[in-house]
Every structure is written in C-alpha cells, then in structure tokens.
Amino acid sequence: MPLIAPGFLFSVVAQGWLVNGFERIYGRHADLSPGSVDLARVSAAINGFTAEGEHALPQPPEGVVPSLAEEWSQLAAWKRLAHQHSDLDRWERYHLHELIAWESLALPLIEGTALCHTSLHPHNILVGETTVRLVDWARSRRAAPFVDVAILIIELIAAGHTPEQAEGWAADLRSWQEASTNAVTGCAVMLLGIRRYRHHTHPRPHHARLIDAARAWVRHRMSTH
C-alpha cells in the first residue's frame, strides 16, 4: 500500500470520544507555481496514489465512504444558482443553460469506486525531503480517480499557470489519460458551480481567486467543444 498519507498508529475510545493517532510527519506546503520543483514530485505522488495492482489503495466499501456523484447530484449547484443568479458574471449568465446541461452530463462520468481525496490544495500536500504526503482526508469520497486531478488543475491555475499549462502538467497522469473529454469538461463545470454556490452561501476571502481560476478553465474547456 503506498505511503500517500500519514501512517495510522492507534485508535481508542475514551469517555465517548473516538481518538485516532497518526504518525507525525514533517514537511512544507507544496508550491504549485510555474517552474516549481514540487510539480514533478506531486505528479509522481498522484500517479502512485492511483496505481493499479499490488500498490493500489484498497477500494473503499460502499456505504462507508460516501459517493461524490451522489453528493454533487443532491447539491445541483448550477440549477440552484439559476434561481439566484444575480451573483453570476456576464459570461456565466450567457452560458447558464449550457452549464446546467454539462452539470447533468457529468454526474455519471464522475461516478467511480476509487478513493478520492476531493480536497487537494497546497495546505493538504506536505512535501518532505523524500516524501509527498496528502493530509486531511475528512472529505474523501468514492469517485472516478481523475476528479482529484481536476481539483488540482484549478489550484495550478490559481497559482499562476494557464489552463493549457495546467492540463499539460496533468497529461502524464494515468487517471487523467483514462478520462474522456466530456468527463473532464463536465467535472470542470461542476467544480466551478460548486465553488460559486459555496461562495454565494458562505463567502470567504480566498474563494475569489479559486472561482476565477475555475472559470478560466471552464471557458477554455467549453471553447474547444
């Protein structure tokens, strides 16, 4: 099993609390900006994470780890935004029906049995001298493995890459190579919608740059269809 996360050490129940212990790891947050030496190391870690055969992560049991497709289906972010779209920019309003259509198309395409982190960003990627570890698995879900790469592409764009450069970084990843064009575009649209809806309901200062990055990627994807 690949060492992609801190090792599990123990679990105890005390006074009604469940306490899990993990190994202490050392590292710094990943630098995803253009030219960073971390890019190749993160790529190798993601490839190891999605490996097949004896090094693969075990598939999470159904009913234990929630389905990402089911969660996103219940959210239906673009459909919700359609009824309260005063926050949407001009491009989003003009393409709203297309965005809703892509959202519906994407749901079966992100369905999968792989364990996905679904919250990958520099603070959850710790780079050590010889290791890259992913931390904070609280939002792990069952999904198609390319979803984690799609989430990282938005982080790369926010860090200064163009959409073309970010997709170029992903090109060597096995999970990305196996994803269809429609699956990638649909997932990008859904990620933008989710970020827009979360900002609409619970705005945070850091949301704006990620929304801008996600929108830039969606506009790039939709321009090629």
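Looking at (1) touching a Phe, Trp or Tyr at 6+ places or on another chain (Cβ under 6 Å); (2) surrounded by 19 or more Cβ atoms within 10 Å (Cβ to Cβ), which is the one condition that is false for Leu152?
(1)
If we keep just the residues of the stretch 177-224 that are part of a loop (DSSP other than H, G, I, E, B) and touching a Phe, Trp or Tyr at 6+ places or on another chain (Cβ under 8 Å), which is farthest from Leu96 (Cα to Cα)? Even if it seems obvious, please write down each step before you answer.
To start, the set of residues in the stretch 177-224 that are part of a loop (DSSP other than H, G, I, E, B) comprises 178-180, 202-206, 224.
Remaining after also requiring touching a Phe, Trp or Tyr at 6+ places or on another chain (Cβ under 8 Å): 178-179.
Values: Glu178: 28, Ala179: 24 Å.
Per the stated criteria, the residue is Glu178.
Contact list please: Cβ distance under 8 Å, first residue in the stretch 37-53 and under 12 Å from Arg133 (Cα atoms) and surrounded by 15 or more Cβ atoms within 10 Å (Cβ to Cβ), second residue at pLDDT 90 or above and of a type in the set (S, T, N, Q), pairs at least six apart or on different chains.
From the stretch 37-53, the pairs are Ile46/Ser175.
One line per residue, one yes/no per condition, for (1) surrounded by 13 or more Cβ atoms within 10 Å (Cβ to Cβ); (2) at pLDDT 90 or above; (3) of a type outside the set (A, V, I, L, M, F, W, C); (4) touching a strand residue (DSSP E or B) at 6+ places or on another chain (Cβ under 8 Å):
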| residue | (1), (2), (3), (4) |
| --- | --- |
| Ser11 | no, yes, yes, yes |
| Pro58 | no, no, yes, yes |
| Val64 | no, no, no, no |
| Tyr94 | no, yes, yes, no |
| Ile100 | yes, yes, no, no |
| His117 | yes, yes, yes, yes |
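Report yes if Ala166 is aliphatic (A, V, I, L, M), farther than 22 Å from Leu107 by Cα and either open to solvent by 30 Å² or more (accessible area, probe 1.4 Å) or touching a residue at least 60 places away in the same chain (Cβ under 8 Å) (or both), otherwise no.
Working: aliphatic (A, V, I, L, M): yes; farther than 22 Å from Leu107 by Cα: yes; either open to solvent by 30 Å² or more (accessible area, probe 1.4 Å) or touching a residue at least 60 places away in the same chain (Cβ under 8 Å) (or both): no.
Spelling it out, it is not the case that Ala166 is aliphatic (A, V, I, L, M), farther than 22 Å from Leu107 by Cα and either open to solvent by 30 Å² or more (accessible area, probe 1.4 Å) or touching a residue at least 60 places away in the same chain (Cβ under 8 Å) (or both).
For the stretch 79-92, which positions are loosely packed, with under 15 Cβ neighbours inside 10 Å and either over 24 Å from the mean Cα position of the chain (by Cα) or without any contact (Cβ under 8 Å) to a residue 24 or more places away in the chain (or both)?
Matches in the stretch 79-92: His83, Gln84, Ser86, Arg90.
The values are calculated or read from the model by the stated rules, or taken from the named source; none is laboratory data. This structure is a prediction, so every number in the text was calculated from the model and none was measured. So basically every Cβ, Gly included, is an ideal-geometry build from the backbone, and we count neighbours across all protein chains shown. All accessible areas refer to the heavy atoms of the entire protein, side chains included, with ligands and DNA or RNA removed. Shrake-Rupley method; radii C 1.70, N 1.55, O 1.52, S 1.80 Å.
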